[in-house]
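Engineer: Pasting in a structure now, in structure tokens, and then I'll have a few things to ask.
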Amino acid sequence: MKPVNNGSKVLVTFWGTRGSISTPGRITEKYGGNTSCVTIRHRDVFLILDAGTGIRNLGIELAEEFSEQRLPRALHLFLSHTHWDHIQGLPFFEPAYNKTTKMTIYGSPRKGRFLGSILKGQMDSEYFPVGMSAFSAGITIKEISAEAIELGALTIDWQEQFHHPGGSVRYRIRVDGKRIVYATDVELDRIFRGNTRSKEDKAMGRAYLDFVEQADLLIGDGQYTGAEYGTKQGWGHSSVDVLLEACYRGRVKQLAVFHHDPQHSDKFLDNLSAKNRSRYHSDYEGMNIFWAREGLTLAI
């Protein structure tokens, strides 16, 4: 599972693919039970997308790598939002306790409370035995203000996503003509379907399609089936059908269905994959669809 960089390739690794709550056990071994965490590596730039429970295993491997290289490491953690399934692994992230680590944490500027206060709050003594002050790494917390962030050869664009309780942020990473989009935790059904869509919803739909257009890889929220979504409206997540339709309209080249519902077993996800993978093709080239699996590394 250890990601090893390959020249100028962009390596994407899934460390946690589950939504809402971690689900360890026999029936989730294939796709994984850890909550959201994805890494993107390009040369000496290392991005982490979300800090769900999957970041713990990432930290163990990074600690070993740092020890072998005896070099300081700069890490860039981009949070989509601060629901627990996206931040609860941070207290268990080993590099945060290493003084040679330099880590910048980025998040939405729209928080009613400061981002730093939220992260510190989950490590309050009422919830966790170690406070955030125990982190010996050099940590900088930034609420994003620039339209784009430049890190080495990478350019990171971002947009707010409003159809999720408390909001969330989607990110697009551009390098060497490649585009990788991370757009989890958004209720696309409210944007793209229904007769009651407002002008704002339609504008959000256009913005989404523009943002994901021709992405080489899109990591997207597909937590529910169409049947399940009927009882989950307003919960802030998308149905698989609408996610696939939107990505097809945006001419996405490769789609990783992400943020799996805790009730979905490996067998259930296998069946969803078999049912949907061959549904979407286009004249210019096929849209490859797969269900994100913990431990999978892709070279883009």
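The values are calculated or read from the model by the stated rules, or taken from the named source; none is laboratory data. Note that the structure is a prediction, hence the values are computed from the model and not measured. All Cβ positions, even for glycine, are placed from backbone atoms using ideal geometry, and neighbour counts span all protein chains on display. Ligands, DNA and RNA are stripped out before the accessible areas are found, and what is left, the full protein with its side chains, is counted by its heavy atoms. Shrake-Rupley method; radii C 1.70, N 1.55, O 1.52, S 1.80 Å.
Engineer: Quick check on segment 88-130: of everything there that is among the hydroxyl-bearing types (S, T, Y) and open to solvent by less than 30 Å² (accessible area, probe 1.4 Å), which residue is modelled with the lowest pLDDT?
Structural biologist: Just the residues of segment 88-130 that are among the hydroxyl-bearing types (S, T, Y), to begin with: 97, 100-101, 104, 106, 108, 117, 125, 127.
Cutting the leftovers down to open to solvent by less than 30 Å² (accessible area, probe 1.4 Å) gives us 101, 104, 106, 108.
Working: T101: 94, T104: 96, Y106: 95, S108: 90.
Restricting to residues being among the hydroxyl-bearing types (S, T, Y) and open to solvent by less than 30 Å² (accessible area, probe 1.4 Å), the top hit is S108.
Engineer: Do the conditions hold for R43, that is, is it farther than 22 Å from I141 by Cα, of a type outside the set (S, T, Y) and more than 19 Å from the chain's Cα centre (by Cα)?
Structural biologist: On the way: farther than 22 Å from I141 by Cα: yes; of a type outside the set (S, T, Y): yes; more than 19 Å from the chain's Cα centre (by Cα): yes.
Spelling it out, R43 is indeed farther than 22 Å from I141 by Cα, of a type outside the set (S, T, Y) and more than 19 Å from the chain's Cα centre (by Cα).
Engineer: Output the residues belonging to segment 8-37 that are more than 12 Å from H259 (Cβ to Cβ), touching a strand residue (DSSP E or B) at 6+ places or on another chain (Cβ under 9 Å) and open to solvent by 40 Å² or more (accessible area, probe 1.4 Å).
Structural biologist: Within segment 8-37, S8, K9, S22 meet the criteria.
Engineer: So, one more: Tally time: how many residues in segment 131-151 are loosely packed, with under 13 Cβ neighbours inside 10 Å and out of contact with any helix residue (DSSP H, G or I) (no Cβ under 9 Å at 6 or more places or on another chain)?
Structural biologist: Result for segment 131-151: 6.
Engineer: If you don't mind, there's one more thing I want to ask. Within the group S22, S67, which residue is out of contact with any Lys or Arg (no Cβ under 7 Å at 6 or more places or on another chain) and part of a loop (DSSP other than H, G, I, E, B)? Lay out the reasoning, then the answer.
Structural biologist: Working: S67 fails: part of a loop (DSSP other than H, G, I, E, B).
The unique qualifying residue is S22.
Engineer: Here's something else I'd like to know. Quick one: which of I55, I40 is in contact with a Gly (Cβ under 7 Å, 6 or more places away or on another chain) and modelled with pLDDT of 95 or more? Even if it seems obvious, please write down each step before you answer.
Structural biologist: Details: I40 fails: in contact with a Gly (Cβ under 7 Å, 6 or more places away or on another chain).
Answer to the check: I55.
Engineer: Next up: So which residues in segment 152-163 are β-branched (V, I, T) and surrounded by fewer than 18 Cβ atoms within 10 Å (Cβ to Cβ)? Don't jump to the end; show me each part of the working.
Structural biologist: Filtering segment 152-163 down to residues β-branched (V, I, T) leaves 155-156.
Listed by number, the list holds a single entry, T155.
Engineer: If D124 meets every condition in (1) outside any loop (DSSP other than H, G, I, E, B); (2) under 26 Å from S20 (Cβ atoms); (3) of a type outside the set (S, T, Y) apart from one, which number is that one?
Structural biologist: Unmet for D124, out of (1) outside any loop (DSSP other than H, G, I, E, B); (2) under 26 Å from S20 (Cβ atoms); (3) of a type outside the set (S, T, Y): (1).
Engineer: Same structure, new question: Please go through segment 47-86 and give me each residue that is exposed (fewer than 15 other Cβ atoms within 10 Å of the Cβ) and under 20 Å from S20 (Cβ atoms), ordered by number.
Structural biologist: Answer for segment 47-86, where residues must be exposed (fewer than 15 other Cβ atoms within 10 Å of the Cβ) and under 20 Å from S20 (Cβ atoms): just W84.
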